[in-house]
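First comes the structure, then the notes that go with it.
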There are 2 protein chains.
Amino acid sequence: MSSVNLKQLAQALDLSVSTVSRALNDSYEISAATKEKVQLLATQLGYQPNPYASSLRRQQSKTVGVIIPEVANNFFSLAINGIEEVARQNGYHVLIYLTHENFAQEQTIVQHLANGRVDGILISVSGETQDAAHFAKLRELNLPTVFFDRVCEQTDTASITTDDYDSGYRATHHLLERGCRRIMHLTLAQHLSIGQKRMQGYLDALRDADVAFDPALLVRGGHGSDHNTALVQQLLEQDPSIDGIFAAVESLAIAGYRACQATGRRIPADIKIIGFSNLEMADLLNPSLTTIRQPAYAIGREAATILFQGLMKNRPILTSQSQELKSELVVRASTGGLG
Amino acid sequence: MSSVNLKQLAQALDLSVSTVSRALNDSYEISAATKEKVQLLATQLGYQPNPYASSLRRQQSKTVGVIIPEVANNFFSLAINGIEEVARQNGYHVLIYLTHENFAQEQTIVQHLANGRVDGILISVSGETQDAAHFAKLRELNLPTVFFDRVCEQTDTASITTDDYDSGYRATHHLLERGCRRIMHLTLAQHLSIGQKRMQGYLDALRDADVAFDPALLVRGGHGSDHNTALVQQLLEQDPSIDGIFAAVESLAIAGYRACQATGRRIPADIKIIGFSNLEMADLLNPSLTTIRQPAYAIGREAATILFQGLMKNRPILTSQSQELKSELVVRASTGGLG
DNA sequence: TTTATTCACGGAAACGATTGCGAAACAGAC
DNA sequence: GTCTGTTTCGCAATCGTTTCCGTGAATAAA
């Protein structure tokens, strides 16, 4: 800890602690002359207020918690990037917690954050989460929360999402357009609204194209990329008619690539792949991957901005502040595009 | 904040605050019966100690700061993964700060962490950093610090690195073996020890192979992938004799790919590329990328472990606790390997 | 019965900052 | 000279925990 505190400053200046405190906080009650003296010595001695004393007294920590499933993932790391930037601009600190897509961990983390350690929470829900009781507690405690990307719809607060239904529809439509008829759908979060919306887009696109939906083509991924690759591979081996893969998350698109490699399916000749992804080098893959690119950085920025606006103005976060950003379909070689 | 505090518990139980506190901390001074009663009510009411009051009194925050250049980068995000895991196991919280390779930001962040907000710091130095004065202050304040990957050698504390010299040597040797003679070296942190070691490996490998070193083949990357691509592209256009690229960081390997694309150089026929990288899908690139893969997750874990050992036992972090982990050369198509 | 000793707990002072309130000091107005 | 008002500052309470010390009662030792 920085060893110098208010008391020492006060003694050195022959002033009271309260005067020094007010001088440093630029209170109107303190004369300009005193303020100057105090601030001079404070900078000379490198005084920094003890954040814990300050937080205790003020009942606010100038800290937000970010809860995400993973960090080794381009989407989430870009989002963190945006969050951290806004946080710094507003003088806030960022605590980070990873759930590893594990519901129990998410519960524990949320509970631990309910003790005043953070002034607000930004969260992207774990793929396993079905119950929203732990989030309800946050509302009870009046702890401002903003969801991003992976939303819990039962909790009424703001959320930043992308046009998941549209994206799912467009992705599927794109595959259909390219001649696919037996399209596998890979998802991680089937019961999360994000997964359902993407899937609904998939279903509606199929229906609009008069292509029958086959539940057998639905694959729910789990943990571990090897496991997921095996799942896809198995299905590919069982069903030679499959000619398209729509991966609702990046890791599953990769699993799709590997599974195709393993089973000798050529992309895009035999099978076409499209996936949600924020890979900067999706165009350098072999073949380059057609993607739905989410504005991950902007999502982080927006979510954080809404949270901080609420915190600064001491207003509750309203559902009406939610935003839906647009994702972008980038056609590349994996669906027979250029490149 | 969780609204229930010690005083309320004490009143409800007709006990004193100190007794309740001790009961919850399992003090030997409290009878088993009382402990049970207290703990029962505490869990019933969902009591959670106020972390700021506790930190203030105990003079420790149970929080560590992690300072890294970027998070949207597989190496750092994997390292964070390791750090967060160890932190959670030890009951610590993780504050995250990004420097964006900016020295001034690094200084500011380090200064702000010198106020007792964190009990320790894990840091990977920004590429711009040359001065170590801000780190010296940390030692003065006795704030335990562990460097990982990007080390500041002037500061005497533990650091977790990889065998950068060897890796640089092996990477270069590999290119030479594959017939390259005009090897470009791309680096971000030329004055950091990590950059120097990798470059020294490069130089020594050249010397051992009796290949002349041409300073013109040294490219120091900057910010922005477009900028870096342009740099490489320019050099490639100027000098058609270049037949190899050794990228000391992942982003520069990507820049190399793009530059080759732009200039029509075929990989690996015309030019071969090797790069430090933790891309999970390096094998899916076109062509698959020969990499030096660092054990990023393990680096994070080790660095955090050393820090927490020091914190828990209240011992200073010693330089002798430093570790050097081994990187792995994975040969792929970009240097003419299989795949 | 008296004296130590242990046990179980309460009082109160910390930790360092913020802030409501009061009180000197000084000015100007009457 | 008194009164009111402003400026500038100090006192002390407060945030919620932890912990040093003290104390009454019970038990053991003499």
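Sorted shortest first, the separations between the residue A:53 label point and its copies elsewhere in the assembly read 1.8 nm; each point sits 7 Å from Cα along the Cα-to-Cβ line. Once the C-beta distance of residue B:136 and residue B:54 is scaled by a Förster radius of 22 Å, the resulting FRET efficiency is 0.10 to the nearest 0.05.
Bridgeable aspartates and glutamates around residue A:272 (alpha carbons under 12 Å apart, same-chain partners fewer than 8 residues away excluded): A:177, A:243.
Quote the charge dipole size of chain A about the Cα centre in Debye, to the nearest 20; the model charges only the Cβ of Lys and Arg (+1) and of Asp and Glu (-1). Walk me through the numbers before you get to the answer.
Details: 30 positive and 35 negative charges, 173 e Å.
With Lys and Arg at +1 and Asp and Glu at -1, about 840 debye.
For the options A:320, A:126, A:21, a Gaussian network treatment of chain A with springs between C-alpha atoms closer than 10 Å singles out A:21 as fluctuating the most.
For the protein assembly as shown, the share of DSSP beta bridges that are antiparallel, to the nearest 5, is 10%. Size descriptors for chain B: radius of gyration and Dmax over Cα atoms are 25.4, 86 Å.
Compute the normalised compactness of the range B:1-160: alpha-carbon radius of gyration over 2.2 N^0.38 Å, N being the residue count. All intermediate terms of the calculation are to be shown ahead of the outcome.
Numbers: Rg = 20.4 Å, N = 160, 2.2 N^0.38 = 15.1 Å.
The value comes to 1.34.
Compared with the dominant principal axis of the Cα atoms in chain B, helix B:164-177 is inclined by about 30°.
Counting Cα-Cα pairs of the range B:6-49 in 10 Å increments starting at 0 gives whole-percent bin shares of 33, 63, 4. A compact globular protein would have a Cα radius of gyration near 2.2 N^0.38 Å; the ratio found for the range A:77-137 is 1.18. Looking only at the range A:114-129, which residues have a backbone nitrogen under 20 Å from a spot 7 Å from the Cα of residue B:8 in the C-beta direction? Only A:114-120 pass the distance filter.
About its Cα centre, the range A:189-233 has a charge dipole of approximately 180 debye under the convention of +1 per Lys or Arg Cβ and -1 per Asp or Glu Cβ, with nothing else charged. All distinct Cα pairs of the range A:222-306 go into the 1/r average, and the inverse of that average, the Kirkwood radius, is 13.7 Å. Inter-chain neighbour count for B:141-150: the average number of beta-carbon atoms from partner chains within 10 Å of each residue's beta-carbon is 1. Specify which residue in the list B:31, B:75, B:259 is farthest towards the positive end of the charge dipole of chain B, using unit charges on the beta carbon of Lys, Arg (+1) and Asp, Glu (-1), about the Cα centre. Positive-most Cα among the choices belongs to B:31.
Close amide H contacts of residue B:247 (hydrogens built in the peptide plane, cut-off under 5 Å, sequence separation of 5 or more or a different chain): B:186, B:274, B:275, B:276. Under 5 Å between amide hydrogens, built in the peptide plane, is the criterion, and for residue B:66 it picks out B:95, B:96, B:97, B:122 among residues at least 5 positions away or on other chains.
For residue B:181, the residues 5 or more places off, or on other chains, whose built amide H falls under 5 Å of its own are B:243.
For the range B:11-23, the Karplus equation 6.51 cos²θ - 1.76 cosθ + 1.60, evaluated at θ = phi - 60°, returns couplings of 4, 4, 9, 6, 10, 8, 4, 5, 5, 4, 4, 5, 4 Hz by residue, with Gly and Pro reported as x. Residues of chain B were split at every exposed loop site, defined as GluC sites (Glu not before Pro) in a DSSP loop with at most 15 other C-beta atoms within 10 angstrom, and the longest piece left, sites excluded, is B:154-279.
Over the range B:190-339, what portion of Cα pair distances is larger than 21 Å, expressed as a whole percent? Counting every Cα pair in the range B:190-339, those more than 21 Å apart make up 53 percent. Since only A:202, B:316, A:212 are under comparison, the one whose Cα sits farthest along the positive direction of the charge dipole of the protein assembly as shown, derived from C-beta charges on Lys, Arg, Asp and Glu, is B:316. What is the Cα centroid distance between the range B:1-47 and the range A:25-80, reported in whole angstrom? Rounded to whole Å, the Cα centres lie 32 Å apart. Modelled spin labels at residue A:211 and residue A:239, positioned 7 Å past Cα toward Cβ, are 1.2 nm from each other. The range A:209-268 and the range B:320-336 have Cα centres spaced 32 Å apart. Relative to the longest principal axis of the Cα atoms of chain A, the long axis of helix A:103-112 lies at roughly 10 degrees. For the rotational copy relationship between A and B, the axis lies nearest to a chain A beta carbon, identified with its distance in whole angstrom as A:286, 2.
With θ taken as phi - 60° and the Karplus curve 6.51 cos²θ - 1.76 cosθ + 1.60 applied, the whole-hertz 3J(HN,Hα) list for the range A:324-332 is 10, 8, 9, 8, 10, 8, 10, 7, 9 Hz, x standing for glycine and proline. When you restrict to C-alpha pairs under 8 Å that are six or more residues apart and normalise by the size of chain A, the relative contact order lands at 17 percent.
Provide, for q = 0.13, 0.28, 0.29 Å⁻¹, the log10 of I(q)/I(0) from a solvent-free Debye sum over equal Cα point scatterers in the range A:157-206. Log10 of I(q)/I(0), two decimals: -0.30, -1.05, -1.09.
Basic side chains Lys and Arg get +1 at the Cβ, acidic Asp and Glu get -1 at the Cβ, and with that the dipole of the protein assembly as shown about its Cα centre reaches some 1300 debye. Note on the range B:93-170 and the range A:134-180: Cα centroid distance 37 Å, given to the nearest whole angstrom.
For residue B:324 and residue A:44, what does the FRET efficiency come to when R0 = 41 Å and r is the distance between their Cβ atoms, rounded to the nearest 0.05? Display every interim value, and only then the final one.
On the way: r = 41 Å, r/R0 = 1.01.
E between residue B:324 and residue A:44, to the nearest 0.05, is 0.50.
Residues in the range A:119-131 carry Karplus couplings, in order, of 8, x, 9, 10, 9, 10, 5, 5, x, 7, 5, 10, 8 Hz; the curve used is 6.51 cos²θ - 1.76 cosθ + 1.60 with θ = phi - 60°, and Gly or Pro positions show x.
Loop sites by DSSP among the chymotrypsin sites (Phe, Trp or Tyr not before Pro) of chain A, restricted to those with at most 15 other Cβ atoms within 10 angstrom, leave A:29-212 as the longest stretch without any of them. Within 10 Å of the Cβ of each residue in A:104-112, the mean number of Cβ atoms contributed by other protein chains is 1.
What is the Cα convex hull volume of the protein assembly as shown when expressed per residue in Å³?
Details: hull volume 118.5 nm³, N = 678.
About 175 Å³ per residue, rounded to a whole number.
Estimated purely from DSSP H runs of n ≥ 4, each contributing -39500 (n - 2.57), the mean residue ellipticity at 222 nm for chain A is -13500 deg cm²/dmol once divided by its residues. Taking the longest Cα principal axis of chain B as reference, the axis of helix B:74-89 is set at about 20 degrees.
Every number in this text was worked out from the coordinates using simple rules, so none of it is lab data. Since we're looking at a predicted model, the values are computed, not measured. With ideal geometry, Cβ positions are generated from the backbone for all residues, glycine too; neighbour counts draw on all protein chains shown.
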